[in-house]
Amino acid sequence: MGFCQSLFFHNGKQFKGCFKADRPNRYRALCEIGGRLCIVDCARSLPFGSFLAGLRKLGVRNAIYCDMGRGWNYSWYRLPDGSVREIFPTPGRFTTNWIVFYGE
């Protein structure tokens with residue numbers, strides 16, 4: 001499970017999301033594809049509807065939007081040993097912070 005602002009997909013069912021379909025932006029989501037967690041982060045600005053269509057095309061089963069807005073100016077995740085792996089270290093280009101919880 002994870003902290004999210006908007007649910008995009010749940011068990012393969014697509015939800016409306018929190019943006020208008022024609023609104024362009026650099027979107028990103030925490031996704032499950034083939035039973036594995038991944039982050040899908042836009043390389044360029046595109047309409048929200050196109051982003052959702054792209055997620056569906058990738059085979060996303062579950063997806064949540066986790067952009068926390070201004071002030072969270074980098075994309076990163078933490079490895080099991082506690083070290084940080086930056087995805088896009090340049091502030092402002094791709095801006096995301098993830099809080100993910102999982103158990104076995």
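What the table below lists for this structure:
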quantity: Some residue of the range 44-54 being in a strand (DSSP E or B) and at pLDDT 85 or above; calculated: yes
quantity: Residue under evaluation Trp72, criteria (1) at pLDDT 90 or above; (2) assigned to a loop (DSSP other than H, G, I, E, B); (3) surrounded by 15 or more Cβ atoms within 10 Å (Cβ to Cβ), criterion not met; calculated: (1)
quantity: Residue that is surrounded by the most Cβ atoms within 10 Å (Cβ to Cβ), among those in the range 4-47 that are closer than 12 Å to Arg61 by Cα and of a type in the set (S, T, N, Q); calculated: Gln14
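The values are calculated or read from the model by the stated rules, or taken from the named source; none is laboratory data. What you see is a predicted model, and the numbers here were worked out from it, not measured in a lab. Here Cβ is always computed from backbone atoms with ideal geometry, including for glycine, and neighbour counts include all displayed protein chains.
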